[in-house]
Amino acid sequence: MSRHLRFLETTLEAIPEHAVLINEDGSIRFANRAWVAFGQENGAGDADWTAKNYLDICDQAANEGWSEAEHALEAIRSVLADEQRLASLDYPRQGPDRERWFRMITSSFEDDGTRYAVVLHRDITNVETTHSQTSAA
């Protein structure tokens, strides 16, 4: 691994938000420590995230009746299709002991002819804010 690539990976690992990098078909290329730890805390165990497809995960959640997953899918697909530069979604999620609020932020970029998206989830439960459904930048 090149020094430059190691530096970028270390930077993503240092981000406190749950972060994944997906390619245009939704395959997870990278999940940072915060993402992995959150998954373990919420029943995903020691999942190999790079063997998963994030769009499929959202689609499955939507099919199970979680309407916010449908909004997340729309936002991510819109960013991957380059219809918008950035998408943001605030959503509630019931945790083991209480409801928590998260903000998903998605942005995309192209590298060597392939479109990628970075998807961040931040716990905003204790942030003084008005929770909204969706907004686009």
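The values are calculated or read from the model by the stated rules, or taken from the named source; none is laboratory data. Remember, it's a predicted structure, so these values are computed and weren't measured experimentally. Every residue, glycine as well, gets a Cβ built from its backbone with ideal geometry; the counts of neighbours run over all protein chains shown. Please note that ligands, DNA and RNA were not included when accessible areas were found on the heavy atoms of the full protein model with its side chains. Shrake-Rupley method; radii C 1.70, N 1.55, O 1.52, S 1.80 Å.
A few comments on the model shown:
- Neighbour net charge for Ala61 - beta-carbon separation under 15 angstrom, K R +1, D E -1: -3
- Estimated inter-spin distance, Glu110 and Leu5, nm [label 7 Å along Cα→Cβ]: 2.3 nm
- Accessible area, probe 1.4 Å, largest first, for residues His4, His71: His4, His71
- Packing rank of 21-34, 110-123, where each peptide gets the mean count of other beta carbons within 10 Å, highest leading: 21-34, 110-123
- Computed E for Ile124/Glu13 - FRET, C-beta separation, R0 25 angstrom, nearest 0.05: 0.70
- The helix-based estimate of mean residue ellipticity at 222 nm for the chain, built from -39,500 (n - 2.57) per DSSP H run of four or more residues and divided by its residue count, is -10000 deg cm²/dmol to the nearest 500.
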